[in-house]
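Every number here is computed from the coordinates shown, using simple stated rules; none is lab data. All of these numbers come straight from a predicted model, not from anything done at the bench. Every residue, glycine as well, gets a Cβ built from its backbone with ideal geometry; the counts of neighbours run over all protein chains shown.
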Amino acid sequence: MRRRFATVSAVVCVAPVLLSGCMEERVVAVRGGLQNMPGAVGGIRPDRPDSGESVGVGTNRWSRYLEAYGDPHAKLTGSEQDPRRHIDEFGNVTLILRSPADVLYHTYWTIQRGEWEILYEQVISDRLKRNYVEHFKEPEESVRFLRRNRQDVQQLLEVLPGAEMTPGALLSTVGPLAFRITASPEQTHGKKFKSVDVIIEDGVFRLLLIK
């Protein structure tokens with residue numbers, strides 16, 4: 001059965017709070033907490049990749065960390081049209097999510113293409129879906145929130161093309177396996193959203209929060 005993501009007027013007024021606010025009460029920011037991760041740094045404003053490795057596709061500084069959790073996307077190969085999107089012989093699409101940059105990329109393009117099912121099933125984290133349920137809301141409301149705020153969300157993602165490696169971006173930990181990428185004040189001046197949280201679930205990165 002296909003999920004329905006049409007906006008329901010009865011829950012519109014509370015959904016933005018759930019995606020952009022309520023989870024903050026459950027997460028405590030700990031800046032600089034990434035020092036213990038192999039090949040990672042935290043609480044800094046990186047101007048360029050510290051290892052020279054590409055961010056997102058293929059081997060990157062996060063891959064050594066993901067290995068401890070299975071890294072199920074490690075052997076996936078992208079298509080000619082999109083190196084971050086695996087398409088099997090039956091035409092099934094699997095988004096490759098091996099870094100924060102992959103999450104931001106796929107969030108942007110699934111919104112752009114109106115691929116709401118893929119966004120819900122593969123990009124949005126189970127943690128965020130549970131948060132909606134705990135607040136007596138449908139987990140699909142997470143997609144409705146992104147649909148309603150698509151322009152503002154995409155404006156934030158456009159100024160973070162390299163996620164934490166974007167010049168001026170700040171990377172910090174916000175909980176177990178959860179990380180925040182905050183754009184610089186110059187990049188977000190006048191914009192509704194300022195940061196994106198991602199989380200590792202089942203060995204892949206997923207979207208946790210936009211605020």
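What's the FRET efficiency of Phe136 with Ala68 using the Cβ-Cβ distance as r and R₀ = 30 Å, to the nearest 0.05? E(calc), rounded to 0.05, equals 0.30.
In this calculation the C-beta distance from Arg148 to Leu76 is compared with R0 = 30 Å, giving a FRET efficiency of 0.40. The Gln155 and Asp126 beta-carbon pair, evaluated with R₀ = 25 Å, returns a calculated FRET efficiency of approximately 0.40. Taking one quarter of the surface of the convex hull spanned by the alpha-carbon atoms of the stretch 96-177 gives a direction-averaged projected area of 5.9 nm².
Just flag the chymotrypsin sites (Phe, Trp or Tyr not before Pro) in the stretch 74-148 sitting in loop per DSSP whose Cβ has no more than 15 other Cβ atoms within 10 Å. Let's see the in-between values first.
Numbers: sites: Phe90, Tyr105, Tyr108, Trp109, Trp116, Tyr120, Tyr132, Phe136, Phe145; in loops: Phe90, Phe136.
Taking the stretch 74-148 and a limit of 15 other Cβ atoms within 10 Å, the loop chymotrypsin sites (Phe, Trp or Tyr not before Pro) found are Phe90, Phe136.
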